[in-house]
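The values are calculated or read from the model by the stated rules, or taken from the named source; none is laboratory data. In this text the structure is predicted, and so the values were computed from the model without any measurement. Neighbour counts run over all protein chains shown; Cβ positions are idealised from the backbone, glycine included. We work out accessible area using only protein heavy atoms, side chains counted, and drop any ligands, DNA or RNA first. Shrake-Rupley method; radii C 1.70, N 1.55, O 1.52, S 1.80 Å.
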Amino acid sequence: MKIESIVLREIRIRLKSPFETSFGTVQNRRILLAEVIADGISGWGEVTVGETPGYNSETTDTAWQILSEFVAPLLPARTIDHASDFPALVTHVRGHEMAKSGIENALWDAEAKLAGISLSRLLGGAREEINCGVSLGIRENPQSLVAKVQQELSNGYQRIKLKIKPGKDYEFVKAVRAEFPGILLSVDANSAYRIDDVTHLASFDEFNLLMMEQPLDWDDIFAHAKLQPLIRSPICLDECIHNTRHALAAIELNACRIINIKVGRVGGHTEARSLQAACKERGIPVWCGGMLESGIGRAHNIAMSTLPGFTLPGDVSASRRYWDEDIIEPEVEVTKEGTIQVPAGPGIGYRVRRARVEALTVRSQTFSKSSRASLLTA
Ligand code: OSB
Ligand code: MG
């Protein structure tokens, strides 16, 4: 496909309710969207960064800077055979996986649309529906958390994940487990504990958790390798895993028994697919994580979740849990059985509501051959 231009935009969109994790609370999202125009069609991707560097080191503003200065200008007028050729073009940009993934995934959407097939199919996915769980933010007290869990279970969700942090952990999980003894239940600490907290973390053994996600430092695979033999809960790594090499190290060190794959965190669909295959080969279950995405990022997560290694319910849930109005149509809906039907249409399979995107846009920049020429002559 011949890449004509790239449009980078920032939209502002408000979550229905604030979402609290161990690293902070967010309600007003600042999301970057990448649109790639190639062979006359548009492919869409979402940059899944947070507004602050609390989850990883990237932010909305760092991603804008990296993309506008070092990535987007490389593409106009270039012809590539496959979206999977993109990572090789940006190996000189170290890190910034989420920034790069926004453009790579837009190329995947474009390639699938040009081929007239769904993104799921282009990626090699087989599932026609995916299994869904929810991630619940930290709440004021255990009773209100129990009520929230009840509500999401009645919506059909198959797995409940509770965000925890020191002081808002044991009693909250205990209350939920006491009320719902049989459900698939996990916790996510987003790096809020230290290896010295091992006795406290081992006290969660009694809750028969499906997994404990990223209890220790965001970049410390070795510390998780020390912790895993000392607790019964299977450790799931999220923040620590940026690529297939990290996953191989973590698996070999027995630092985890499960991996959360976020398409953005690992740099895009190409690396996510490779990581999924590596885990499958080694018997490590994976699931698709979320970053409070708009419908565009959510659609990419749905497509990725159809690959064979994704054997556990992911954090991919309905548009209406997050937004009054999403930027895609139809919105992402979840069945009473807690599944999402994978769209069969070309590309991401959802229409982008361009007028709504325009209305939410606070800045945009277009990169085309002429804009590159004007930069060079400036
Ligand atoms: O660690 O999985 C996480 C949201 C923002 C940053 C990190 C995480 C999360 C979630 C929410 O858990 C997942 C979602 O519903 O999109
Ligand atoms: Mg997580």
Problem - Asp196 vs. criteria modelled with pLDDT of 95 or more and within 16 Å of ligand 1 (Cβ to nearest atom) - result: no
Fill in the blank from the handout: Of the conditions (1) over 17 Å from Gly267 (Cβ atoms); (2) touching a Gly at 6+ places or on another chain (Cβ under 7 Å), the single one that Met98 does not satisfy is (1)
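If I filter region 26-39 for residues that are assigned to a strand (DSSP E or B), charged (D, E, K, R) and within 16 Å of ligand 1 (Cβ to nearest atom), do I get at least one hit?
To start, the set of residues in region 26-39 that are assigned to a strand (DSSP E or B) comprises 26-38.
Cutting the leftovers down to charged (D, E, K, R) gives us 29-30, 35.
From what's left, within 16 Å of ligand 1 (Cβ to nearest atom): 29-30.
Yes: one or more hits.
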Exercise for the section: Mind listing just one residue for me: the one in region 140-151 that is surrounded by fewer than 18 Cβ atoms within 10 Å (Cβ to Cβ) and within 24 Å of the chain's Cα centre (by Cα) and, of those, farthest from ligand 1 (Cβ to nearest atom)? Expected result: Gln151
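Please pick out the residue among Ala255, Ala202, Ala249 that is small (Gly, Ala, Ser), within 28 Å of Pro87 (Cβ to Cβ), surrounded by fewer than 23 Cβ atoms within 10 Å (Cβ to Cβ) and more than 18 Å from the chain's Cα centre (by Cα).
The unique qualifying residue is Ala249.
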Practice task
Return yes or no: is Gly50 in contact with a Phe, Trp or Tyr (Cβ under 9 Å, 6 or more places away or on another chain), within 16 Å of ligand 1 (Cβ to nearest atom) and either closer than 21 Å to Gly295 by Cα or assigned to a helix (DSSP H, G or I) (or both)?
Solution key: yes
Fill in the blank from the handout: Across (1) part of a helix (DSSP H, G or I); (2) open to solvent by less than 10 Å² (accessible area, probe 1.4 Å); (3) touching a Gly at 6+ places or on another chain (Cβ under 7 Å); (4) not β-branched (Val, Ile, Thr), Lys280 clears everything bar (2)
Practice task
Could you tell me whether Phe172 is more than 22 Å from the chain's Cα centre (by Cα), in a helix (DSSP H, G or I) and within 16 Å of ligand 1 (Cβ to nearest atom)?
Solution key: yes
Fill in the blank from the handout: All-but-one check, Ile130 against (1) crowded, with 21+ Cβ neighbours inside 10 Å; (2) within 23 Å of Asn56 (Cα to Cα); (3) β-branched (Val, Ile, Thr), failing number (2)
Practice task
Mind telling me which of the residues His200, His224, His246 ends up being over 28 Å from Gly338 (Cα atoms), outside any loop (DSSP other than H, G, I, E, B) and more than 16 Å from ligand 2 (Cβ to nearest atom)?
Solution key: His200
